[in-house]
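Q: I am attaching a structure below and will ask some questions about it afterwards.
Readers should treat all values here as calculations from the given coordinates under stated rules, not as data from a laboratory. Here the structure is a predicted model, which means the values were calculated and not measured. In this analysis, Cβ positions are derived from the backbone assuming ideal geometry, glycine residues included, and neighbour counts consider all displayed protein chains.
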Amino acid sequence: MGADLEPGTVLAAYRGGLFPMRLGRGGPIGWWSPDPRGIIPLDGLRVSRSLRRSCRHFETSVDGAFTDVMRACADRRRPGGWIDDSFVEAYTRLHELGWAHSVEAWTAAGTLAGGVYGVAIGGLFAAESMFHRETDAGKVALVTLVDQLRERGARLFDVQWATPHLVSLGAVEVPRQRYLELLAAAVG
C-alpha cells in the first residue's frame, strides 16, 4: 500500500506484475497482484453472434478520447467505482507519454457510447477499466482492442480478474507464477 502514481512508479509496477487500485473511495492506493490472474488469450476472445451484429452499429477509434473514456469509467454512479481524479491525471500523463491507450465506440451521431483503457508495455496490454452507455458498446471497444493487439503482435492481454462477465468473453485464470512467466516474455 502507498507509493505514488508517477509514471515511473506505475510502469515499474506493471512490469513487476502489479497494478494500482484504491481501497474503496478515497482509500489508500493498493498494489495488486491477484492469484489467480485474469487474462484473455488473444486467440480466445468469444464474440457471440449478437455481439458481432452490435459491432456493425458502432464506429470505433483508438486513442480518440482517452480522458473521456477514463472519466466515464470513473463515474461515481458505477458500483464499486474507485477511480478518482488522481488516477485520471496519472493515466492521462501515461497516455501523453505513449504508455496508456484507449479504444472508443461511437454512435452514428458521434456520441461516445463505450470504451476501454489500459497500459501497453512491449507485448503486454493491461486493461484497467471498461464502460458502456449503450448496450454492447464497451464489448465492441474490447473486440477492436483485441484485433489491434493481434495486429501489433501483442503477447499478453491482462484483465486482472476473471469476472463472470469477462469469462463470458473468453477470460481465463492463470496462477500468479504462470502470469509472471507470461509477463516476462511479453515485456522482455
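Q: So what's the chain giving for Cα Rg divided by 2.2 N^0.38 Å, two decimals?
A: With N residues counted in the chain, Rg over 2.2 N^0.38 Å equals 0.97.
Q: Using the Kyte-Doolittle scale, find the helices of the chain whose mean hydropathy is at least 0.0 and whose Cα atoms extend 20 Å or more along the helix's long axis, counting only whole DSSP H runs.
A: Qualifying helices: 137-151.
Q: Only four residue types carry charge here, +1 at the Cβ of Lys and Arg and -1 at the Cβ of Asp and Glu. Report the dipole size of the chain about the Cα centre in Debye, rounded to the nearest 20.
A: Computed about the Cα centre, the dipole is about 600 debye.
Q: Further question on the same structure: Of Ala108, Ala126, Ala90, which is the most mobile in a GNM of the chain whose springs link Cα atoms less than 10 angstrom apart?
A: Answer for the Gaussian network model of the chain: Ala108.
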